[in-house]
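Below: the structure, in structure tokens.
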Amino acid sequence: MRILIFISAALFLQSCLRLDSNLNNNSKLTSYRWDDYPGYVDFTLTTNYKIPLMHMHEFDLYSKDTVDNKTYTIKALYVGDFTKLTTDTVILYCHGNRDHMDFYWPRAKLLANVGGKNRFAVMMLDYRGYGMSQGDPTEEGLYQDVNAALEWLKSKGFTNDRVVMYGFSLGSAPAVKLMVEPRSTLVPSKLILENPFASAELMVQDAAQLAMPASYYTNLKLNNAEEIKKLQQPFMLLESEKDKFLKPESHGFVVYNNYKGTYSEKHVVPNADHSTLQVEWGMGAYSDAVEAFILKK
């Protein structure tokens, strides 16, 4: 039995935890297909959520590595009206460990239509080694890539009060880190986390059912549960009740309970698993809750 548990844990960690180019559950692309993407996605949306081509802007970010001093080209997408950059509110979406921006495109479209057609701008990116972005995934690279997105928004005139950070699963790490230990003078005014993990160590223990140090399996030092203690901005947690990948009691609820800032709210969606929160909650209910949080004074 112990051998079986160990093998299962190893397979889990190889597919989900390690951030190297062979094990990040990713496939390389030669172009982004968006609505024409033929691969699997968690959910699809009706044509009511379609984004006009004039509001889809693909471009490059340039992310300098603090270890090797190389600059990597990172692929990004801005969903919104470029003529309204000085007035729009943007949701900076940090996606999970699986695949690339095409896979997360339905989620971005949904966020862009929260509160009405094209109500908010959305920006997302593929971390290095994902999709068409250069380099190999690393923890430091994860932070630098998302910081490059913040720097781009700053260069376009965005201010703190018009930027909301959203982290899903793995994306919760850069979302939290860059709000409590900023690398840019642009610091988002609010944080939304969907099914975040507490720490790399707890992720290992939760999956493997073995009380062993995370460093035995991985060199990641990700620790949202500790970092969140330093956050002062308003915080919204979205949790899937039936998440077997990151159990709420071990992860999301721990992060939420450690928050000591100005305002927080928690939404737990019955019957939802790690990837089906929006489906089980309902697109309308999800959108209403996100809009209310963003607009809350």
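Nothing in this text is a laboratory measurement; each read-out follows from the coordinates by a stated rule. Values in this document were obtained by computation on a predicted structure and should not be read as measured data. Backbone-built Cβ (ideal geometry, glycine too); neighbour counts: all protein chains shown.
Which of the pairs 70/266; 230/296; 109/156; 28/190 have their Cα atoms more than 28 Å apart in this structure?
Among 70/266; 230/296; 109/156; 28/190, the Cα-Cα distance tops 28 Å for 70/266; 28/190.
Which value in nm describes the separation of the simple spin-label points at residue 60 and residue 181, placed 7 Å from the Cα toward the beta carbon?
If labels sit at residue 60 and residue 181, their model points lie 2.9 nm apart.
Rounded to the nearest 20 debye, what is the charge dipole size of the chain about its Cα centre when +1 sits on each Lys and Arg Cβ and -1 on each Asp and Glu Cβ? Don't jump to the answer; show the numbers that get you there.
On the way: 31 positive and 34 negative charges, 98 e Å.
Magnitude of the dipole: close to 460 debye.
Gain in length, residue 82 to residue 271, computed as 0.36 nm per residue apart minus the alpha-carbon separation, to one decimal in nm?
64.2 nm
Among 227, 194, 181, which one moves the most in a GNM of the chain with springs linking Cα atoms closer than 10 Å?
So, out of 227, 194, 181, the one fluctuating most is 181.
Can you give me the Kirkwood hydrodynamic radius for the chain, using every pair of distinct Cα atoms, in Å to one decimal?
This gives a value of 19.2 Å.
Taking the highest mean first, how do the peptides 242-254, 283-295 order by number of other beta carbon atoms within 10 angstrom per residue?
242-254, 283-295
Between residue 288 and residue 258, take the C-beta separation as r, use R0 = 30 Å, and let me know the FRET efficiency to the nearest 0.05.
0.65
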